[in-house]
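I have placed the structure first, in the form of structure tokens, so that the comments after it can refer back to it.
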């Protein structure tokens, strides 16, 4: 399934890899508008249920999201909401009635439009095998372009320029 374009300004922003795809670490991405689980989890679950079918469980990292209701009813189905300290803080996990688990990269709510949409697309690419850390950390450093590249130097030359010095052969 491709990117789910928001129907309104409050529609959940998420993408899922098409099937079949490489498994990888994540099966897609979700870009919440805040870190408030009471607002964000019901909207995500409703959208996922509409597009993919019922979900029985949503797991999240307690350090990232804080407390959440333990259960929600979505589309007439109960959904268990479980927080763990051991889950990757950059992901949420959804389980369907058959036990199939879908892991979504969580795009930081404060991401720029450009970065948010790029992360949604990269996470849902059929050949994506990158870890959540690699996906989120693989953003070019805007300052890197202003730092001139240094020529490849020998270890001795680097030592000399870092304040050390070599004894001259006598």
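The values are calculated or read from the model by the stated rules, or taken from the named source; none is laboratory data. Bear in mind the structure is a predicted one, so any value in this text is a computation, not a measurement. Here Cβ is always computed from backbone atoms with ideal geometry, including for glycine, and neighbour counts include all displayed protein chains.
If I ask for residues that are buried (at least 17 other Cβ atoms within 10 Å of the Cβ), in a loop (DSSP other than H, G, I, E, B), touching a residue at least 60 places away in the same chain (Cβ under 8 Å) and in contact with a helix residue (DSSP H, G or I) (Cβ under 8 Å, 6 or more places away or on another chain), which ones from segment 78-134 would you list? Listed by number, the residues that qualify are 107, 128, 130.
For (1) in contact with a strand residue (DSSP E or B) (Cβ under 7 Å, 6 or more places away or on another chain); (2) modelled with pLDDT under 95, each residue gets a yes or a no:
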position: 66; (1), (2): no, yes
position: 75; (1), (2): no, yes
position: 109; (1), (2): no, no
position: 119; (1), (2): yes, no
position: 127; (1), (2): no, yes
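With respect to the conditions (1) at pLDDT 95 or above; (2) under 24 Å from residue 133 (Cα atoms); (3) in a loop (DSSP other than H, G, I, E, B), residue 55 falls short on a single one, namely (2).
Regarding residue 36, is this residue free of Cβ contacts under 8 Å to residues at least 60 places away in the same chain, exposed (fewer than 15 other Cβ atoms within 10 Å of the Cβ) and within 15 Å of residue 106 (Cα to Cα)? It is true that residue 36 is free of Cβ contacts under 8 Å to residues at least 60 places away in the same chain, exposed (fewer than 15 other Cβ atoms within 10 Å of the Cβ) and within 15 Å of residue 106 (Cα to Cα). For first residues located in segment 44-58 and at positive phi and touching a residue at least 12 places away in the same chain (Cβ under 8 Å), partners that are surrounded by fewer than 19 Cβ atoms within 10 Å (Cβ to Cβ) and in a loop (DSSP other than H, G, I, E, B) and lie 6+ apart or on another chain with Cβ distances below 7 Å form the pairs 53/96.
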